[in-house]
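Following: one structure in structure tokens, then a few remarks.
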Amino acid sequence: MGLLRHVVCAMSGGVDSSVAALILKKRGYKVTGVYMKNWDSLDEIGVCTSEKDCEDAYRVCRILDIPFHQVSFVKEYWHHVFSYLLKEYEEGRTANPDVLCNKHIKFDHFYTHAFNTLGADAVATGHYARTSQEDEEVFQQSYSPPSTSLNGDRFEIRNPVKLYRAADLVKSQTLFLSQIHQNALRKTLFPLAGLTKDFVKKMAAEAGFHHVLMKKESMGICFIGLRKFESFILEYLEPKPGKFISIEDGRVMGSHKGWFTYTLGQRARIQGQKDTWFVVDKDIATGDVLVGPTTKHPALFCDTARTDRFHWISEDPPPELVRTQKMDCLFHFLHNMPLIPCSVTLNADGSVWITLSRTVRALTPGQFAVLYKGDECLGSGKILELGPSEFALQRSRERSAASGGQKAQPAPEPAS
Ligand SMILES: Nc1ncnc2c1ncn2[C@@H]1O[C@H](COP(=O)(O)OP(=O)(O)OP(=O)(O)O)[C@@H](O)[C@H]1O
């Protein structure tokens with residue numbers, strides 16, 4: 001018999017990655033568990049669970065009788081995820097740290113570490129996602145670092161690996177994986193692909209992982225912990241006081257400490273205001289945060305967005321899009337948001353315009369627009385620009401009616 005296939009499993013100390021390691025072991029692989037420390041606990045004022053998580057991952061490895069390692073990517077996380085996040089906030093956008101962590105840390109630094117330092121034949125995570133490959137195909141690929149260009153590699157171009165939503169559609173985590181590189185995907189196993197969360201919990205109980213089953217599911221941004229977002233972000237960014245302005249009539253409603261303390265659609269805390277107002281836009285040139293009086297204000301609804309250069313997971317860009325210049329697919333930008341039919345056009349710089357079949361609330365610059373064909377996740381692009389809101393169109397119609405009936409402002413044309 002040949003050498004056992006070696007799979008390095010990213011283990012967070014949570015139930016999903018613990019069961020992923022268990023499944024890999026049952027499949028007969030040589031499994032190594034690795035806990036990544038991505039955030040320096042000394043920086044935290046709130047609750048730090050990183051040491052406890054590491055200990056929990058170690059205990060699972062003991063039960064499974066597999067080697068355990070810990071690796072620090074604190075520097076890399078700070079550089080590629082957190083600093084980027086701060087820059088985005090300063091520019092008025094709201095980034096998604098989980099997407100960035102997968103792209104730069106788990107499927108780049110961790111992936112490289114697993115192959116180059118630990119001698120992996122494949123990596124695995126506890127994500128709920130599927131690929132178009134059987135395990136055996138994963139092992140047949142040769143390892144290449146994630147930054148390697150696909151150009152010139154004929155095999156990769158002929159057989160791109162696809163990313164699919166998991167069987168458990170509620171848990172499916174493709175949005176978070178939508179920026180990962182093809183090379184990393186080719187060498188990755190998702191052992192939970194076909195399982196439901198309930199079944200995973202049952203497996204964890206049977207395997208005796210009681211200490212991980214008792215933990216609460218991680219929610220929100222891990223490094224913020226229980227702290228209020230405003231006080232957290234003001235530890236890192238200089239306050240930039242500005243005004244809350246009513247989108248309805250331009251009235252000054254109050255003041256805030258910086259536009260980056262708010263995201264679109266969020267409730268605005270305006271001192272002295274009895275009623276609840278919601279953030280509908282930001283003007284970083286003036287520092288103003290525009291607010292509307294209802295959570296479903298038409299200024300929050302729009303149906304078009306432009307991304308930066310789109311990241312296509314398997315075919316860059318999809319041949320259908322090149323052929324017809326327009327492609328019908330599905331869209332979302334938040335985990336657990338239903339998929340919405342849309343039509344996509346490709347611009348010369350690789351960015352895309354996405355036109356949705358209906359308006360959605362709080363499409364947010366900085367978030368990733370993720371596209372699907374059926375269950376296949378095609379990839380994602382960062383939202384940079386929005387089309388006119390329902391409110392802007394309404395105002396424009398009113399203005400043109402008042403000035404003798406010219407046409408309302410059209411949705412933006414895709415740039416050529
Ligand atoms: N600190 C970490 N060290 C190693 N792997 C990690 C770490 N954090 C996350 N992962 C990997 O990324 C996967 C997805 O993590 P995420 O926190 O998004 O989901 P989760 O469903 O809470 O997973 P889990 O139940 O395993 O914690 C995990 O299953 C694990 O494989």
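The values are calculated or read from the model by the stated rules, or taken from the named source; none is laboratory data. Every value quoted in this text rests on a predicted model; they were computed, and no experiment measured them. When we count neighbours, we look across all protein chains shown, and the Cβ atoms used for this are built from the backbone with ideal geometry, even at glycine. All accessible areas refer to the heavy atoms of the entire protein, side chains included, with ligands and DNA or RNA removed. Shrake-Rupley method; radii C 1.70, N 1.55, O 1.52, S 1.80 Å.
Which of the aspartates and glutamates could be linked to Lys216 by a straight reach, that is with a Cα gap under 15 Å, when you skip same-chain ones fewer than 8 residues away?
Straight-line reach from Lys216, under 15 Å: Asp16, Asp53, Asp56, Asp198.
Given 37 °C and 0.692 mPa s, compute D for the chain with the Stokes-Einstein relation, Rh being the Kirkwood radius over Cα pairs; round to the nearest whole µm²/s.
142
Quick one: helix 390-402 against the long Cα principal axis of the chain, what's the angle to the nearest 10°, folded into 0 to 90?
The angle comes out near 20 degrees.
Among all the aspartates and glutamates, which ones have a C-alpha under 16 Å from Lys75's C-alpha, if same-chain residues fewer than 8 places away are not counted?
Leaving aside aspartates and glutamates fewer than 8 places away in the same chain, those within reach of Lys75 are Asp40, Asp43, Glu44, Asp108.
Whole number please: convex hull volume per residue, Cα atoms of segment 6-213, in Å³.
132
What value, in deg cm²/dmol to 500, does the helix sum -39500 (n - 2.57) over DSSP H runs of n ≥ 4 give at 222 nm once divided by the residues of the chain?
-6500 deg cm²/dmol
Tell me, what is the per residue accessible area of the chain in Å², probe radius 1.4 Å?
Spelled out: the 1.4 Å probe surface of the chain, per residue, equals 48 Å².
By how many nm would the segment from Thr112 to Asp349 grow when fully extended, if each residue of separation counts as 0.36 nm and the alpha-carbon distance is taken off?
Separation in residues times 0.36 nm, less the Cα-Cα distance, equals 82.4 nm.
With r defined as the distance between the Cβ atoms of Ser72 and Ala402 and R0 fixed at 51 Å, what FRET efficiency is calculated, to the nearest 0.05?
0.25
Could you check how many percent of all C-alpha pairs in segment 239-308 are farther apart than 14 Å?
Roughly 55 percent, rounded to a whole number.
What pairs in Lys30/Lys202; Lys87/Lys373; Lys201/Lys382; Lys162/Lys326 have C-alpha atoms more than 28 Å from each other?
From Lys30/Lys202; Lys87/Lys373; Lys201/Lys382; Lys162/Lys326, over 28 Å: Lys87/Lys373; Lys201/Lys382.
Compute the signed sum of charges (Lys and Arg +1, Asp and Glu -1) over the other residues within less than 12 Å, Cβ to Cβ, of Thr359.
Here the charged neighbours net out to +1.
Does segment 276-416 come out rounded, prolate or oblate by the C-alpha gyration tensor, with a ≥ b ≥ c the root eigenvalues, rounded set by a/c under 1.5 and, if not, prolate when a/b is larger than b/c and oblate if not?
prolate
May I ask you to list the lysines whose Cα is less than 24 Å away from that of Lys274, ignoring any residue fewer than eight positions away on the same chain?
Straight-line reach from Lys274, under 24 Å: Lys228, Lys243, Lys257, Lys282, Lys296.
Can you give the accessible area of Tyr236, probe radius 1.4 Å, in Å² rounded to 10?
60
From a point 7 Å beyond the Cα of Ile63 in the direction of its Cβ, which residues of segment 172-209 have a backbone N at a distance under 16 Å?
Zone members listed by number: 198-209.
For Leu4 and Asn159, calculate 0.36 nm times their separation in residues minus their Cα-Cα distance, and state this gained length in nm to one decimal.
53.2 nm
Angle, helix 50-64 long axis vs. longest principal axis of the chain, Cα atoms, 0 to 90°, nearest 10?
It is inclined by approximately 40 degrees.
Taking the Cα centre of the chain as the origin, how large is its charge dipole in debye, to the nearest 20, when only Lys and Arg (+1) and Asp and Glu (-1) carry charge on their Cβ atoms?
Charge dipole, the chain, about its Cα centre: 600 debye, nearest 20.
Heavy atoms only, probe 1.4 angstrom, no DNA, RNA or ligands counted: give me Val352, Val170 ranked by accessible area, highest first.
Accessible-area ranking of Val352, Val170, largest first: Val170, Val352.
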